[in-house]
Amino acid sequence: GEPWIVRMVGGGAAAKHYRCPGCDQEIPPGVPHVVAWPDHGGVDDRRHWHKACWNARDRRSARLQRSRNAPRY
């Protein structure tokens, strides 16, 4: 619901490891991705996302912590 500033980062400009908040997986150096932050936020609010995770952010349900063998219902 709030406005975001979104920037695409090309593979050549991606020089560090980041953790995607959408899937909690690492984004290694050299992988194109999305950097987004709230319009009213600052540098500390920037988050690095996989492009697919950013596009699916509104379709994700709340993050539930389950044990490895827990049923998914």
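State the percentage of accessible surface on region 7-64 attributable to carbon and sulfur atoms; use a 1.4 Å probe and exclude ligands, DNA and RNA. The nonpolar share, carbon plus sulfur, comes to 49 percent. Taking amide H atoms as placed 1.01 Å from N in the peptide plane, the amide H of Tyr18 lies under 5 Å from those of Ile27, each 5 or more residues away in sequence or on another chain.
Modelled this way, with points 7 Å down the Cα-to-C-beta line, the labels at Ile5 and Lys51 are 2.2 nm from one another.
The values are calculated or read from the model by the stated rules, or taken from the named source; none is laboratory data. Computed from a predicted model, the values in this text were never measured in an experiment. A quick note on method: Cβ atoms are made from the backbone with ideal geometry, for glycine too, and the neighbour counts reach across all protein chains shown. Calculation scope for accessible area: heavy atoms of the full protein, side chains included, ligands and nucleic acids excluded. Shrake-Rupley method; radii C 1.70, N 1.55, O 1.52, S 1.80 Å.
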